Every structure is written in C-alpha cells, then in structure tokens.
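Reviewing the structure listed below.
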Amino acid sequence: MSTVTAALKLPSEFEQEIGLLGCSLFEGVVPGFLLEGLRRDMCAREKICREWQVRNGVEGSMAGVAHHVVGGSDSFAEFLSNLFLDGYIQQYFSGPYILNSYGVVNNMPGSESGYAHGARFHRDVRTYSGSFRLMLNMLVMIDEFTVQNGATKLVHGSHQIQDRPSDEFLERHTARAVGKAGSILLFDSNVWHSSAPNLSDGPRRALTLTFTRPFFKQQMDYPRLLGESYTDDERLRQVLGYNSRVPVGYNEWYQPPERRMYKPGQG
Ligand SMILES: O=C(O)CCC(=O)C(=O)O
C-alpha cells in the first residue's frame, strides 16, 4: 500500500487500493495542533462516557472507549467540521453519505490483546454487503501506530470473503495498519480486523468513525441530539444526517422538496 500525502493520492490509486486491498492509507492529514487538542479532549470524553457506563451498569468491556463524541465545542467538533477526505469518501459511495458513528479508542499500554472492545477479529458492518458499498471505516491515528504499540490488525482483501474465516487464517494473513500520527486509514467495513496488544509504555489513541449511505440508520440520532440550529454548513449538515431524517406526522411529510426531512438525491 503506498502512503502518499492526502492531496496527492489520485482517485484511481484510491480506487485500486480500496477495491483490491479493502483499505487506503493517507499520511499527514491531521495537523499537529488538532492532534494535540484531540489528545487533551479525549481524557475528558472518556471520563464522561465512563460515568454513564458505570451509572447504567455497562462498564464491563469498555475501558478506554468513548462513543459518539459529537455535540461539544471541542476538538472532536473541529475535526468533524474539517470533513477530511470528503472527496474520497464521496468517491467510495459514488454519491452522498452520512456519519454512522464517531468514537474514540485508547489502546492502553500493557494490554495483552488490545482493549476488549475490538480484541477479536470482526467486521463493523453486520450485514455482509459484498461489492455493494454500504459502510466505510475511518481510523484516525492520534499517536503513531507501530507494531509494538498495537497497530490495528487487518486482512487485506478480506472484504471479499462472506463467511468468517478461521482465526488461524486471519492471523496468518494479517497486515498491520502502521502510520505516523495524523494519518488516516479508510477501509471497507467488510474487512476483517482487530485491535492488537500494546506492548509499549505509551498510549495508542485513535478516532474511529464509520460512514454509510444516507438510508442506513445512524447509531445515534445526531440531528435530533444536536438540534435544528447546530450548523449552517451545508456539507456538515449532509454528513451529520440532517438531509436524511425520518418525518414524524403529516406536517413534516407534506413539505416541498427543499424542506423535506428526507431530501431528494439521498439514494
Ligand atoms: O483500535 C483498534 O486498533 C481497532 C479498532 C476497531 O476494531 C474498530 O474500530 O472496530
């Protein structure tokens, strides 16, 4: 897999990588000051999510994980508003797409198999979609990813395998998503992947986002969470799902196209 600067990767090169390998790495995408902000804000978000997990008795396997980091006035919002690699994501879907989930993982030092959440090989789309592009993962490297500190394991080409291969097969064909801090890996959500042990003495932090076609239900209702007046940025509204909502009742249903909850052209 080549690792050229985001701006220099040709659409044809991206298509070849994502089509054949199931993934494509972009180096030098996220600037240093934003990485610093993300490292800082991660701790605060982890704490907030931890409190909810404990309150609701679901903290068991969630150490180091924060879900749905939207809605603050923090670096997570800033990251999202940059719409990094938007053109490539549109290319992947051949059209509009929305945010399905936006989380944070901190693979902490000393973990033996990676944090529990992603420790087994899995794929993030539960319905195998074959060559129909339903979901795309974005893995943002907040720290450098190395083999020693638990760079994600993934099996090239495995987006074309419908049934779960054996663990032995997956381990034997594993590649590692190594890259400098600020790199972004896009991968087909049908790709079998797993977290890996962090054998270093520092954290290995990442943002994990998924994007889908607009008709796919979001993991959390971001437009309802954020409210109508959250942003005027049309591209950001599209990605957050404001153009593909489900109407409630006749008033929302009987509207001219530009005011509909599910706008024309969303697929
Ligand atoms: O943190 C990692 O290395 C893997 C993340 C993962 O498995 C996931 O986001 O589904």
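Any read-out appearing in this document is the output of simple, stated calculations on the displayed coordinates, not a laboratory observation. Worth saying up front: this structure is predicted, and the values here are computed from it rather than measured. Methodologically, a virtual Cβ is constructed for each residue, glycine included, from the backbone with ideal geometry; neighbour enumeration extends over all protein chains shown.
For the pair Glu252 and Tyr128, a Förster radius of 35 Å applied to the C-beta separation gives a FRET efficiency near 0.55, rounded to the nearest 0.05.
Using a simple spin-label model with pseudo-atoms 7 Å out from Cα toward Cβ, Glu234 and Asp163 lie 4.9 nm apart. Rounded to whole numbers, the Karplus 3J(HN,Hα) couplings from phi for the range 193-207 are 8, 7, 6, 9, x, 9, 9, 8, 10, x, x, 10, 9, 8, 9 Hz, using 6.51 cos²θ - 1.76 cosθ + 1.60 with θ = phi - 60°, and x at Gly and Pro. At most 13 other C-beta atoms within 10 Å and a DSSP loop state: those are the exposed chymotrypsin sites (Phe, Trp or Tyr not before Pro) I care about. Give me the longest piece of the chain that has none. Longest run free of exposed loop sites: 1-131. Tally the DSSP beta bridges in the chain and give the antiparallel ones as a percent, rounded to 5. Of all bridge pairs located within the chain, approximately 95 percent are antiparallel.
Any idea what angle helix 11-20 forms with the longest principal axis of the chain, computed on alpha-carbon atoms, 0 to 90 degrees, nearest 10? Taking Cα atoms only, the helix is inclined about 60 degrees.
With a Cα cut-off of under 25 Å and a minimum spacing of 8 residues unless on different chains, the lysine pairs in the chain number 4.
Ordered by the number of other Cβ atoms lying within 10 Å of each residue's own Cβ, fewest first, Val178, Val65 fall into the sequence Val178, Val65. Relative to the longest principal axis of the Cα atoms of the chain, helix 32-55 runs at roughly 80 degrees.
Among residues other than Asn106 with Cβ under 11 Å from its Cβ, the summed charge is +2 (Lys and Arg +1, Asp and Glu -1).
Simple point charges give the picture: +1 on the Cβ of Lys and Arg, -1 on the Cβ of Asp and Glu, and for the chain a dipole about the Cα centre of about 480 debye. The mean of 1/r over all pairs of different alpha-carbon atoms in the range 27-74, once inverted, gives a Kirkwood hydrodynamic radius of 12.0 Å.
Decide, for the range 1-95, between rounded, prolate and oblate: order the square roots of the alpha carbon gyration tensor eigenvalues as a ≥ b ≥ c, take rounded if a/c falls under 1.5, and otherwise choose prolate if a/b is larger than b/c, else oblate. Judged from the Cα gyration tensor, the range 1-95 comes out prolate (a/c at least 1.5, a/b above b/c).
When the inverse distances between all different Cα atoms of the chain are averaged and flipped, the Kirkwood radius reads 19.2 angstrom. The stretch between Arg259 and Leu83 holds 61.0 nm of extra length on full extension. This uses 0.36 nm per residue minus the Cα-Cα distance. Projected label points at Gln219 and Ser12, each 7 Å from Cα along the beta carbon direction, are separated by 3.7 nanometres.
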